[in-house]
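Bear in mind these aren't lab numbers, they're just calculated from the coordinates by the rules spelled out. Only a predicted model underlies this, so the values are computations on that prediction, with no experimental measurement involved. Cβ coordinates were reconstructed from backbone atoms using ideal geometry, including for glycine residues, and neighbour counts include every protein chain displayed.
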Amino acid sequence: MNMYVSNLGFHVSDEDLNALFAAFGEVTSAKVITDRVTGKSRGFGFVEMPQAAEAEEAIAKLSGREVEGRTISVSVAKPRSESGGGGGRNFGGGGGGRNNRW
């Protein structure tokens, strides 16, 4: 099960995240997301645990817990969209065939 962890302190590392979740079972991966340019934490990350029951327990017990002075939120991660994001672009000029009077 893949989990989304938000409101992480900016000094939390991949290893810290792994250790936090390892208390509930096997962790397949733990990754704090960083800014591509600066390399600094963006304040969120993802943790993957193979056993759903262990992951659900981690979500229940860690969400709302204070870590490095910040209250974290843990939830099941939503799958990535096939399009790769970036939606919302609408460049259409539209209006063709209408008589605009202004």
**Report entry** Qualifying trypsin sites (Lys or Arg not before Pro) in region 1-50, DSSP loop, other Cβ atoms within 10 Å at most 13
**Finding:** Arg36, Lys40
Requested in this report: Find the percent of Cα-Cα distances in region 2-76 that exceed 14 Å, and round it to a whole number.
Outcome: 54
Query raised in the report: With Cβ to Cβ distances under 12 Å as the rule, what net charge do the other residues near Asn2 carry (K, R +1; D, E -1)?
Result: +2
Report task. Report the local net charge at Ala22: Lys and Arg +1, Asp and Glu -1, summed over other residues whose C-beta lies under 11 Å from its C-beta. Result -> -4
Query raised in the report: Can you give the charge dipole size of region 21-66 about its Cα centre, rounded to the nearest 20 debye, using +1 on the beta carbon of Lys and Arg and -1 on the beta carbon of Asp and Glu?
Result: 360
